[in-house]
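K.L.:
Mind having a look at this structure? Questions to follow.
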Amino acid sequence: MAVIVKDGNVEKALIEVKRRLQLEGLIKEIRKREAYIQPSKKRKEQKKAGRRRLMRALSRRMMKDGF
């Protein structure tokens, strides 16, 4: 990844780099890989995320359809 620094504006280029990293999901991936996570804890987090997605979908359906 390369970012062009225009007119010596390094701050703006740094903001652009951070934005691109976030859009690509690299920051989240790096944070996730910082420490080892036990398989049982991974499964627990996946179940929790699944429940969160389900509840969000049900909530949106309730708001949209009213049931």
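K.L.:
Between K28, K42, K47, which is in a helix (DSSP H, G or I), surrounded by 10 or more Cβ atoms within 10 Å (Cβ to Cβ) and at pLDDT below 90?
P.N.:
Answer to the check: K28.
K.L.:
Of the residues that sit in the stretch 1-24 and are of a type in the set (G, A, S) and exposed (fewer than 11 other Cβ atoms within 10 Å of the Cβ), which one is nearest to the chain's Cα centre (by Cα)?
P.N.:
Looking at residues that are of a type in the set (G, A, S) and exposed (fewer than 11 other Cβ atoms within 10 Å of the Cβ), I get A2.
K.L.:
Kindly indicate whether M63 is part of a helix (DSSP H, G or I) and exposed (fewer than 10 other Cβ atoms within 10 Å of the Cβ). Spell out how you get there, then give the answer.
P.N.:
Details: part of a helix (DSSP H, G or I): yes; exposed (fewer than 10 other Cβ atoms within 10 Å of the Cβ): yes.
Answer is yes for this residue.
The values are calculated or read from the model by the stated rules, or taken from the named source; none is laboratory data. Just so it is clear, the model here is predicted, and its values are computed rather than measured. Using ideal geometry, Cβ is built from the backbone for each residue, glycine included, and neighbour counts are taken over all protein chains shown.
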